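Below is one structure, written out as structure tokens; comments come after it.
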Amino acid sequence: MNMTFYRKLPVPQDIKEQYPVTEAMAAVKAERDEAIRRVFCGEDDRFILVIGPCSADRSDAVLDYIGRLRKVADQVADKLIIIPRIYTNKPRTTGDGYKGMLHQPDPNEHPDMLKGLVAIRELHMAALRDYDFSCADEMLYPDNARYLSDLLSYVAVGARSVENQQHRLTASGLDVPVGLKNPTGGDLSVMMNAITASQHSHTFIYRGWEVQSAGNPLAHAILRGFQTTDGHTVSNYHYEDFLHLSELYAKTNLANPAVVVDTNHANSGKKYLEQIRIAHEIMHSRKENNDIRRLVKGLMIESYLVDGAQKVDGGCYGQSITDPCLGWDKTEKLILEIADRA
């Protein structure tokens, strides 16, 4: 193999023992997990917002954002359950560029995976310990799921990973909701097959063990738009898209039919300000049709402290270094508007 092996990294159990979750933190997560489960099972009609930066680039700014989010979440707790995005792994279309805090705890320094493992665990722990937020992260690397498994209340599988066998089987062994995105080419059958696989039990190899998963009844769809072969983006957040998805679910025996809609990416054509209009259109669709209301459980929104995006070395505190995001003022206003329409 043409690789240089630098060092063997600690196994997840070792990292968890060095950076343990307290009983109080575990109790908060358990309470939030149950509340979120009830939404996906149709036992609670609150609406879910998975919201936060495109990528968690620096702990201080992310925790500043989460502190502000905590105050708004308390105001709308009767209507919304807010799950902060702390996405510490960043998929790249070509493989090049900033790959997230796991790879580079300091975006301006060379990759250091050991420091990265510690940094992402400490960041998720701080959100839970200091702000009572168990958060969402993307499962970019299935073998790494256990490093954060006692901290996360929501997991996303991205458009480039959704057809991968290991992602699907690992999702089947998680005990929190897992959202599986439609692939970049838009084929919903790929997404539906991924949900089916994730809801079933499997025997497979995981981190050198033969394991058996229980199946995850909270695995569900994420609509994020798609791209045609000639490079044009196509959205799939419209009324008719939800009716079509409802029909696809009706042809299956899947538990807890649900979708969370990604308001950015191909749905917005990466025009981040469009997220506001898209969110309102989705809330209108839910109001117009009870089947859509039951199906659409939440939104994914990319937001941070400062509007837009910058280069990695841009130096603007709280502005995304990957995809552009809504700034805080627009975010706060949008959350309150969504709560009014939920």
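The values are calculated or read from the model by the stated rules, or taken from the named source; none is laboratory data. The structure displayed is predicted, hence computed values, not measured ones. With ideal geometry, Cβ positions are generated from the backbone for all residues, glycine too; neighbour counts draw on all protein chains shown. All accessible areas refer to the heavy atoms of the entire protein, side chains included, with ligands and DNA or RNA removed. Shrake-Rupley method; radii C 1.70, N 1.55, O 1.52, S 1.80 Å.
Applying the set (1) in contact with a strand residue (DSSP E or B) (Cβ under 9 Å, 6 or more places away or on another chain); (2) open to solvent by less than 40 Å² (accessible area, probe 1.4 Å); (3) without any contact (Cβ under 8 Å) to a residue 60 or more places away in the chain to residue 260 leaves exactly one unmet item: (3).
Look at (1) more than 18 Å from residue 178 (Cα to Cα); (2) touching a strand residue (DSSP E or B) at 6+ places or on another chain (Cβ under 7 Å) and you find that residue 205 fails only one, number (2). In a residue-by-residue description of region 14-25, the property of being surrounded by 15 or more Cβ atoms within 10 Å (Cβ to Cβ) and closer than 20 Å to residue 295 by Cβ applies to no position.
Here residue 180 meets each of (1) under 30 Å from residue 232 (Cβ atoms); (2) part of a strand (DSSP E or B); (3) touching a residue at least 60 places away in the same chain (Cβ under 8 Å) with one exception, condition (3). The condition (being in contact (Cβ under 8 Å) with a residue 40 or more places away in the chain, farther than 17 Å from residue 158 by Cα and open to solvent by less than 70 Å² (accessible area, probe 1.4 Å)) is satisfied by just one residue among 50, 76: 76. Annotation: of all residues in region 79-97 being of a type in the set (Lys, Arg) and either farther than 22 Å from residue 315 by Cβ or loosely packed, with under 15 Cβ neighbours inside 10 Å (or both), the one that is modelled with the lowest pLDDT is 92. Reported count of residues in region 204-255, each being surrounded by fewer than 17 Cβ atoms within 10 Å (Cβ to Cβ), among the small types (Gly, Ala, Ser) and either in contact with a Gly (Cβ under 6 Å, 6 or more places away or on another chain) or part of a helix (DSSP H, G or I) (or both), is 1.
Of all residues in region 263-272, those satisfying the criterion of being buried (at least 24 other Cβ atoms within 10 Å of the Cβ) and over 21 Å from residue 155 (Cα atoms) are 268, 272. Here 39, 28 are screened, and the one residue that is under 30 Å from residue 295 (Cβ atoms), open to solvent by 10 Å² or more (accessible area, probe 1.4 Å) and assigned to a helix (DSSP H, G or I) is 28. Scanning region 88-115 for residues that are among the charged types (D, E, K, R), under 19 Å from residue 155 (Cα atoms) and without any contact (Cβ under 8 Å) to a residue 60 or more places away in the chain gives 92, 99. When restricted to residues that are part of a helix (DSSP H, G or I) and either open to solvent by 50 Å² or more (accessible area, probe 1.4 Å) or acidic (Asp, Glu) (or both), region 302-342 contains 8.
Go over the candidates 129, 92 one by one and state the one that is of a type outside the set (A, V, I, L, M, F, W, C) and in contact with a helix residue (DSSP H, G or I) (Cβ under 7 Å, 6 or more places away or on another chain).
The unique qualifying residue is 129.
Quickly run through region 279-301 and pick out the residues that are free of Cβ contacts under 8 Å to residues at least 60 places away in the same chain and assigned to a strand (DSSP E or B). Across region 279-301, the qualifying residue is only 296. Scanning region 191-203 for residues that are among the β-branched types (Val, Ile, Thr) and open to solvent by 20 Å² or more (accessible area, probe 1.4 Å), which turns out farthest from residue 297 (Cα to Cα)? Checking each candidate, the answer is 203. Checked against (1) open to solvent by 10 Å² or more (accessible area, probe 1.4 Å); (2) of a type in the set (Gly, Ala, Ser); (3) closer than 27 Å to residue 30 by Cβ; (4) free of Cβ contacts under 8 Å to residues at least 60 places away in the same chain, residue 171 meets all criteria but (1).
Residue-by-condition table, conditions (1) under 30 Å from residue 240 (Cβ atoms); (2) basic (Lys, Arg):
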residue	(1), (2)
125	no, no
129	no, yes
137	no, no
148	no, no
176	no, no
187	yes, no
190	yes, no
198	yes, no
203	no, no
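Of the residues in region 98-143, how many are open to solvent by 60 Å² or more (accessible area, probe 1.4 Å), part of a helix (DSSP H, G or I) and within 29 Å of residue 34 (Cα to Cα)? Residues flagged as open to solvent by 60 Å² or more (accessible area, probe 1.4 Å), part of a helix (DSSP H, G or I) and within 29 Å of residue 34 (Cα to Cα) within region 98-143 amount to 5.
Scanning region 58-80 turns up no residue that is in a helix (DSSP H, G or I), in contact with a strand residue (DSSP E or B) (Cβ under 9 Å, 6 or more places away or on another chain), farther than 24 Å from residue 272 by Cα and among the hydroxyl-bearing types (Ser, Thr, Tyr).
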